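Following: one structure in structure tokens, then a few remarks.
The values are calculated or read from the model by the stated rules, or taken from the named source; none is laboratory data. These figures come from a predicted structure and were not determined experimentally. Don't worry about glycine lacking a Cβ; one is built from the backbone with ideal geometry, like all the others, and counts go over all protein chains shown. Only protein heavy atoms, including side chains, enter the accessible area calculation; ligands, DNA and RNA are left aside. Shrake-Rupley method; radii C 1.70, N 1.55, O 1.52, S 1.80 Å.
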Amino acid sequence: MAFDLPALKYDYNALEPHIDARTMEIHHSKHHAGYTAKLNAALAGTDHENSSIDEILKNVDNLGAGIRNNGGGFYNHSLFWSIMSANGGGLPTGLLADAIDTDLGGFEAFKAAFSNAAATQFGSGWAWLCVKDGKLSVCSSANQDNPMMPGVGCGGIPILGLDVWEHAYYLNYQNRRPDYIEAFFNVINWDEVNIRYNAAK
Ligand code: MN
């Protein structure tokens, strides 16, 4: 039972001008496809060949670097595409909006904390909004690690993630990672993040 590269629910140019079509095409059809193929190759013949991706991430300490890096890459990008939309941006919705007020001190405080986590992650990695024990938290992690992996970031279940590898922004933003982070807030699909919040809580 191999993992499939998930199709995007929008065109490669749908997130312009915030994320350009060429970056999206290479990121999805080359990078994410590569993680998916390498994950399948690394799992072939192992006890985890039929495991869910959640199970794989939770047990990743015992599974070797190939499964860790490509399993994280498969999961992280699948989440990333789903929490962006051409009609995104604006403010969080539903119970998530209330929880951001209660747990994180409001939207502006959340945005500052998340942007800081993304900007200060040294080298390649991700910034996250997670649900752990029913509460929201913000963190970052290196490489393709994910907070569902033991001991990574804030722990818990990520409901929003931002890829800060250079491959995610360099064509359009070069070294201006903070501009890319600011632009990301214009494409966040808050309805999807709210759905993931309710499922994780
Ligand atoms: Mn990436």
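Computed from the Cβ-Cβ distance with R0 of 35 Å, the FRET efficiency linking LYS132 to SER29 stands at 0.55.
What number, rounded to the nearest 500 deg cm²/dmol, is the helix-based mean residue ellipticity at 222 nm of the chain, given -39500 (n - 2.57) per DSSP H run of at least four residues and division by all its residues? Walk me through the intermediate numbers first.
Numbers: 9 runs with 89 residues, N = 201.
Dividing the helical sum by the residues of the chain leaves -13000 deg cm²/dmol.
Relative contact order of region 94-200, taken over Cα pairs closer than 8 Å and 6 or more residues apart, is 25 percent.
The calculated FRET efficiency for LYS58 paired with GLU166, based on their beta-carbon distance and R0 = 22 Å, is about 0.15.
What percent does the relative contact order of region 21-82 come to when contacts are Cα pairs within less than 8 Å and at least six residues apart? Mind dumping the intermediate values first?
Numbers: 34 pairs, mean separation 25.9, N = 62.
Normalised by residue count, the contact order of region 21-82 is 42 percent.
When the C-alpha to C-alpha distance is required to be over 22 Å, the pairs from LYS30/LYS111; LYS30/LYS201; LYS38/LYS132; LYS58/LYS132; LYS58/LYS135 that qualify are LYS30/LYS111; LYS30/LYS201; LYS38/LYS132. The alpha carbon convex hull volume per residue for region 21-82 rounds to 75 Å³. Using a probe radius of 1.4 angstrom, the carbon and sulfur fraction of the accessible surface of the chain is 49%.
Taken along the Cα-to-beta-carbon direction at a fixed 7 Å, the label points for ASP11 and ASN186 span 1.8 nm.
With an 8 Å Cα cut-off and a minimum separation of 6 or more residues, compute the relative contact order for the chain in percent. Mind dumping the intermediate values first?
Values: 335 pairs, mean separation 50.5, N = 201.
Rounded, it is 25 percent for the chain.
Largest first and in whole Å, the equivalent-ellipsoid semi-axes of the chain read 25, 21, 15, each the square root of five times a Cα gyration tensor eigenvalue. Please find the FRET efficiency linking PHE122 to LYS201, where r is the Cβ-Cβ separation and R0 is fixed at 35 Å, and quote it to the nearest 0.05. About 0.65, to the nearest 0.05.
For a modelled paramagnetic label at ALA44, 7 Å from Cα along Cα-to-Cβ, the residues of region 56-70 in reach, with backbone nitrogen under 16 Å, are 66-67.
Note down the net charge around HIS28, summing +1 for each Lys or Arg and -1 for each Asp or Glu among other residues with Cβ under 14 Å from its Cβ.
On the way: positive: LYS9, ARG22, LYS30; negative: ASP4, ASP11, ASP20, GLU25, ASP163.
Result for the neighbourhood of HIS28: -2.
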